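Worksheet: the structure to be examined is printed underneath.
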Amino acid sequence: MQSSESILKSTFLVALVGRPNVGKSSIFNRLTRSRQALVDDTPGLTRDRHYGETVWDDRVFRVVDTGGFEPDDGETIKRQVWQQAQLAYEEADVVVLVLDARVGPMTDDHYLADLLRRSGKPVICAVNKSDGHVGRHGYAEFYGLGLEPIIPVSAAHGTGMEDLVVALFAAVPLSAVMTSQDSEVGAEGVRVAVVGCPNAGKSSLINRLLGESRLVISDVPGTTRDSIDMPYVDQRGRHMILVDTAGIRRKSRIALRIEKFSVIAAIKSIERSHLVVLVMDAERGVTDQDQRVATLALDAGKGLVFAVNKWDRVGGGGRGEREFMRVVAEAFPHFNHARVMFISAMTGRGVDKLVDGIHATYQEGMRHISTGILNRWLREVVEKHPPPRRMHRLIRIRYMTQISSMPPTMLIFANLPDQIHQTYRRYLENQLRESFGFGGVVIRLLFRKGDNPYDGQEDG
């Protein structure tokens, strides 16, 4: 096992591109499936998903299946291929060109390879379906595309996937990789991604904070097209970098290429932030797209603050706020501990309190619990509620240590780590929150087989 210091943040993005039916989604599923043993796999979170996180040998990165962003029906295959390439070299750090070993290089493969070569981004060719006699000998033909490395894989059987991941880490620029130490605030301050549905008031909020009309504001949804970074210093001298992004839209409404770019831009803005402010429209209430944004933050391990905008138009006093907070807790069960701030970007009501909530949430995410305290806590909660037997065998949880912050990540050693049920993992997370806080931030629990690996080294 690697040392805890080697565990990386999910800071770089891998785009899977290729012709239809070459196996992009199969490779995506094969890569992201490796995450299930480490991170809570709640039903519903991974359905209809075209982006996800891969944890492989304690190393983490993000994957986008660009097939999920293909243009509407009626456009030519070449147009689809071109738009996939655009998505890849505009937003990805590394591109994986997925090819089909059984049919060999096609005209559109050459067309796409040429576009990617000119993009200047690192490109890896994954020749899928390289199993069987035809597949094993077919991948060599793809050297004619002029791109290397070429990795033969079989998404159906899982062969070659480790070679693909090794090639990804070899190709990614060092500037795209952050270690856990990089999550601390630098001179520029806390990076805050301001996201939400179109026309929820993201740009109005940022303009209110900055005290000037820096961003175009319109009643037409989708006015903000690009992710824009803006430094901000509040009256108390605290620094932040505000990132305004285009609204996350329903997949069926993402028709224009510029809107397709904006979806991935928003995902990357969340990736490169410390935490997320989800701006919701009080008049509209909680939408399925608000829930999708929260899922993005959850998957990326980011802190979250809810900003309920246009509250001056709704009112209702304290009773109305309590009712809305109840709705939020039900709609976002994984963030029912996050701060809910009621604001009006137009009048400025509640904006100062929102800034306080952002900094308080960041501090929650940076909290570090000593190993000694954690293990005394662990003994108490396990004694109060032991893990249920699995296959008539006792599960013994033996040791725990916090290996990183933002998000707080706990490494737990047990005799049967794979047999610890999700309900018991949620029990441990809830008990952690009850004892130590961590409000508004994701807690990651990683389970490993073994005893105390640092016997005699516990701190106070």
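The strands (runs of 3 or more DSSP E) falling completely within the stretch 40-128 that include 2 or more residues that are modelled with pLDDT of 70 or more and touching a Cys at 6+ places or on another chain (Cβ under 8 Å) map to 94-100.
Give me a count of the residues in the stretch 408-421 that are under 30 Å from His274 (Cβ atoms) and modelled with pLDDT under 90. Result for the stretch 408-421: 2. Close Cβ contacts (under 9 Å, 6 or more residues apart or on different chains) running from residues in the stretch 400-418 that are not assigned by TED's automatic domain parsing to the domain that holds Arg444 to residues that are surrounded by fewer than 21 Cβ atoms within 10 Å (Cβ to Cβ) and modelled with pLDDT under 90 are absent.
Quick one: would you say Arg425 is in contact with a Gly (Cβ under 8 Å, 6 or more places away or on another chain), surrounded by fewer than 19 Cβ atoms within 10 Å (Cβ to Cβ), closer than 30 Å to Val190 by Cβ and modelled with pLDDT of 90 or more? No; evaluated as a whole, the condition is false for this residue. When the stretch 271-327 is filtered for residues that are closer than 22 Å to His359 by Cα and polar (S, T, N, Q), the ones remaining, listed by number, are Ser273, Thr295, Asn309.
Tell me yes or no: at least one residue of the stretch 367-378 is within 28 Å of the chain's Cα centre (by Cα) and within 28 Å of Arg326 (Cβ to Cβ). Scanning the stretch 367-378 turns up at least one residue that is within 28 Å of the chain's Cα centre (by Cα) and within 28 Å of Arg326 (Cβ to Cβ).
Does Asp299 count as assigned by TED's automatic domain parsing to the domain that holds Met240 and closer than 18 Å to Ser203 by Cα?
On the way: assigned by TED's automatic domain parsing to the domain that holds Met240: yes; closer than 18 Å to Ser203 by Cα: no.
Answer is no for this residue.
Remark: pairs (first residue in the stretch 22-40, under 17 Å from Asp100 (Cβ atoms); second residue part of a helix (DSSP H, G or I) and modelled with pLDDT of 80 or more; Cβ separation under 9 Å; 6+ apart in sequence or on different chains) = Val22/Asp109; Ile27/Met161; Ile27/Leu164; Arg30/Met161. Taken over the stretch 438-451, the residue count meeting the criterion of being over 21 Å from the mean Cα position of the chain (by Cα) and either assigned to a strand (DSSP E or B) or surrounded by 15 or more Cβ atoms within 10 Å (Cβ to Cβ) (or both) is 2.
For the stretch 168-185, does any single residue satisfy the condition of being at pLDDT below 90 and part of a strand (DSSP E or B)? Scanning the stretch 168-185, I find at least one residue that is at pLDDT below 90 and part of a strand (DSSP E or B), so the answer is yes. Among the residues of the stretch 381-398, write down those that are assigned to a helix (DSSP H, G or I) and either aromatic (Phe, Trp, Tyr) or surrounded by fewer than 12 Cβ atoms within 10 Å (Cβ to Cβ) (or both). Answer for the stretch 381-398, where residues must be assigned to a helix (DSSP H, G or I) and either aromatic (Phe, Trp, Tyr) or surrounded by fewer than 12 Cβ atoms within 10 Å (Cβ to Cβ) (or both): Glu383, Lys384. Can you give me the number of residues within the stretch 191-212 that are farther than 15 Å from Leu354 by Cα and in a strand (DSSP E or B)? Result for the stretch 191-212: 1. What number goes with the only condition from (1) surrounded by fewer than 17 Cβ atoms within 10 Å (Cβ to Cβ); (2) part of a helix (DSSP H, G or I); (3) modelled with pLDDT of 85 or more that Asn29 does not pass? In the conditions (1) surrounded by fewer than 17 Cβ atoms within 10 Å (Cβ to Cβ); (2) part of a helix (DSSP H, G or I); (3) modelled with pLDDT of 85 or more, Asn29 misses (3) alone.
Look at the stretch 356-371: where a residue is outside any helix (DSSP H, G or I) and a partner is among the hydroxyl-bearing types (Ser, Thr, Tyr), sitting 6+ places away or on another chain with Cβ atoms under 8 Å, you get Arg367/Ser405; His368/Ser405.
Which residue out of Gly247, Gly285 is modelled with pLDDT under 65 and part of a loop (DSSP other than H, G, I, E, B)?
None of the others qualify; the one that does is Gly247.
Of everything listed in (1) modelled with pLDDT of 95 or more; (2) more than 21 Å from the chain's Cα centre (by Cα); (3) not polar (S, T, N, Q), the single unmet condition for Val305 is (2). Quick one: would you say Gly317 is surrounded by fewer than 23 Cβ atoms within 10 Å (Cβ to Cβ) and assigned by TED's automatic domain parsing to the domain that holds Pro198? Criteria met by Gly317.
The values are calculated or read from the model by the stated rules, or taken from the named source; none is laboratory data. Nothing here was measured: the structure is a model prediction, and the numbers come from that model. Ideal geometry is used to build each Cβ from the backbone, glycine not excepted, and the neighbour counts take in all protein chains shown.
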